[in-house]
Amino acid sequence: FVGRVGELAELELAVREASAGRPTLVLLGGDSGVGKTRLVGELEQRLSVADHGADASLILRGDGVEQADGELPYAPLLSALRPLLRERHPALQDLSPGGRQQLATILPGLEDPDRPADTRSASDQVRLFEALLELIDCLTSSAPLILILEDMHWADRSTRAFTAFLGRTLRQERVCLILTYRAD
């Protein structure tokens with residue numbers, strides 16, 4: 001890992017700012033193969049080594065997928081959130097019933113079998129975005145959140161809309177949102 005000390009220091013600063021309650025949004029652009037994924041991977045490795053104890057950062061990472069035929073809504077976000085479901089993260093239990101129900105429209109396995117299915121569609125973005133914000137609030141109550149969404153040049157409209165919404169909405173949450181994209 002040579003020649004990226006400055007860039008890595010900037011990412012580490014963004015994480016420290018977010019950990020202190022000043023949310024950060026990092027756009028990491030570059031040509032294909034320039035090392036964006038390697039840089040983010042190095043950050044993840046350093047955070048996992050440095051973070052111990054109750055305030056260790058939660059790192060969620062999702063990837064955009066090149067889609068030739070149509071779009072898969074929220075694909076990068078879903079791949080980032082999927083480990084929360086697999087690990088049965090406690091923040092999922094802290095969600096309000098309405099928030100949980102909204103998130104179940106895009107996160108299979110989160111639905112409540114004792115509750116009737118919601119007839120609203122997942123396209124009701126306002127409710128879904130608010131439920132995602134509620135989840136972020138629950139996650140950041142115990143640790144800073146580093147949300148990495150890679151290959152945003154392939155992201156679907158829904159993911160782009162959510163990241164724009166998140167960037168405008170965060171105020172004091174302990175969130176560092178890192179978006180990578182190809183500049184070419």
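Values as computed for the structure displayed
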quantity: Amide proton proximity set for V26, modelled H, under 5 Å, gap of 5+; calculated: L177, I178, L179
quantity: From the coordinates shown, Cα extents along the principal axes in Å corresponds to which of (i) 55, 43, 28; (ii) 68, 47, 32; (iii) 42, 38, 37; calculated: (i)
quantity: Separation between Cα centres of segment 83-104 and segment 134-174, rounded to whole Å; calculated: 16 Å
quantity: Simple label model, 7 Å out from Cα along Cβ direction - L78 to V34, nm; calculated: 3.0 nm
quantity: 0 to 90° range, to nearest 10: angle between helix 157-169 axis and the chain longest Cα axis; calculated: 80 degrees
quantity: Relative contact order for the chain, counting Cα pairs under 8 Å that sit 6 or more residues apart, in percent; calculated: 38 percent
quantity: Nearest 10 degrees, 0 to 90: helix 125-140 Cα axis against the chain principal axis; calculated: 60 degrees
quantity: Degrees separating the helix 36-50 axis from the principal Cα axis of the chain, which is the longest one; calculated: 80 degrees
quantity: Nonlocal amide H pairs with H89, under 5 Å, H built at 1.01 Å; calculated: none
quantity: Of all accessible heavy-atom area on the chain, the percent that carbon and sulfur account for (1.4 Å); calculated: 51 percent
quantity: Stretch gain in nm, segment Q172-Q67, where the contour uses 0.36 nm per residue and the Cα spacing is subtracted; calculated: 34.3 nm
quantity: Label point distance in nm, V49-E87, each placed 7 Å from Cα along Cα→Cβ; calculated: 2.0 nm
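The values are calculated or read from the model by the stated rules, or taken from the named source; none is laboratory data. In this text the structure is predicted, and so the values were computed from the model without any measurement. Virtual Cβ from ideal backbone geometry, glycine too; neighbours counted across all protein chains shown. With ligands, DNA and RNA removed, areas are computed over all heavy atoms of the protein, side chains included. Shrake-Rupley method; radii C 1.70, N 1.55, O 1.52, S 1.80 Å.
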